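What follows is a short report on a single structure.
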Amino acid sequence: MARRHLVRTATHLNRQSPWAGKLPPLFYFTDPDRRPDPLSDIAGLPPDTGVIFRHYDAADRHHLAGSIAQLCRAQDRLCLIAGDAGLAARVSADGVHWPENQFAFALAARLRTPPHWMVTTSVHSLTAILRLRGRRVTAAFLSPIFETQSHPDITGGLGPLRARALIRRSNVPIYLLGGITQQTAPRMVHSGAVGFGVIGGLISD
């Protein structure tokens, strides 16, 4: 029930967005610590859920990325590789996701990506959001919205009011990430975001 409720909330949020139907309402982030078997998780994801592969230090990262990209193609879902454009190209992923610090490096290095690729990044502040202006970015993940197991050192998160204010300053679609659950998601329905990024919230019922 929790997962179905979260999916419905994300779908409702997406339909309110100018990018409705152009971007999926949900993205699932792999997490080697919290979810060690991403293939099983992805196989059971709801339809219209993209995947961002983040197993940065996995010993079999290249092989695992290829298997995930292949599974995503079979399921007709988007697959992005985090932090490695070369690996994304080798496994024929749909694009690349840059953590905020790596996005700054990619800009400085003038790293080019194929024009058909989806390019996303993470943002944590107004400064990072304003940095996206004039850049070829498909969407950004604003985090952490609420307290999350992924960042136990951060207390409270941005919260709904601050998140809404930041979204209004963005010229690219914004996904909300961090502590998005059945309980917290409804608080962001009128935020202006295009959808949610999640880890554990989609792996249930």
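No value in this document is a laboratory result; all are computed from the given coordinates. Nothing here was measured: the structure is a model prediction, and the numbers come from that model. Cβ atoms come from the backbone with ideal geometry, glycine included; neighbour counts cover every protein chain shown.
Other residues within the sphere of radius under 14 Å centred on the Cβ of residue 145, judged by their own Cβ, net out at +2 (K and R +1, D and E -1).
When you work out D = kT/(6 pi eta Rh) for region 3-117 at 25 °C and 0.890 mPa s, using the Kirkwood radius from C-alpha pairs as Rh and the Stokes-Einstein form, the result is 164 µm²/s.
Taking a virtual spin label 7 Å from the Cα of residue 90 along the C-beta vector, which residues in region 101-128 bring their backbone nitrogen under 17 Å of it? It comes to no residues whatsoever. Helical runs (DSSP H, four residues minimum) scored at -39500 (n - 2.57) apiece and divided by the length of the chain put the mean residue ellipticity at 222 nm at -9000 deg cm²/dmol.
Sort the chain into rounded, prolate or oblate with this rule: let a ≥ b ≥ c be the square roots of the eigenvalues of the Cα gyration tensor; rounded if a/c is under 1.5, and if a/c is not under 1.5, prolate when a/b is larger than b/c, oblate otherwise. Rounded, since a/c falls under 1.5.
Figure the gain on full extension for residue 190 and residue 75 (residue separation times 0.36 nm, minus the Cα-Cα span) and round it to one decimal in nm.
38.4 nm
Take the Cα of residue 130, go 7 Å toward its beta carbon, and the backbone nitrogen atoms of region 156-195 under 16 Å from that spot belong to 165-172.
Secondary structure note: in region 1-143, about 5% of the DSSP beta bridges are antiparallel. For residue 123, the residues whose amide H sits under 5 Å from its own are 141, 142, 143, ignoring neighbours fewer than 5 places away on the same chain, with H placed 1.01 Å from N. For the chain, the membrane-span-like helix rule (DSSP H, alpha carbon extent of at least 24 Å along the helix axis, mean Kyte-Doolittle at least 1.6) picks out no helix; this says nothing about an actual membrane. Simple rule: put +1 on each Lys or Arg Cβ and -1 on each Asp or Glu Cβ in the chain, find the dipole, and look at 83, 146, 12; the Cα lying farthest toward the positive end is 12.
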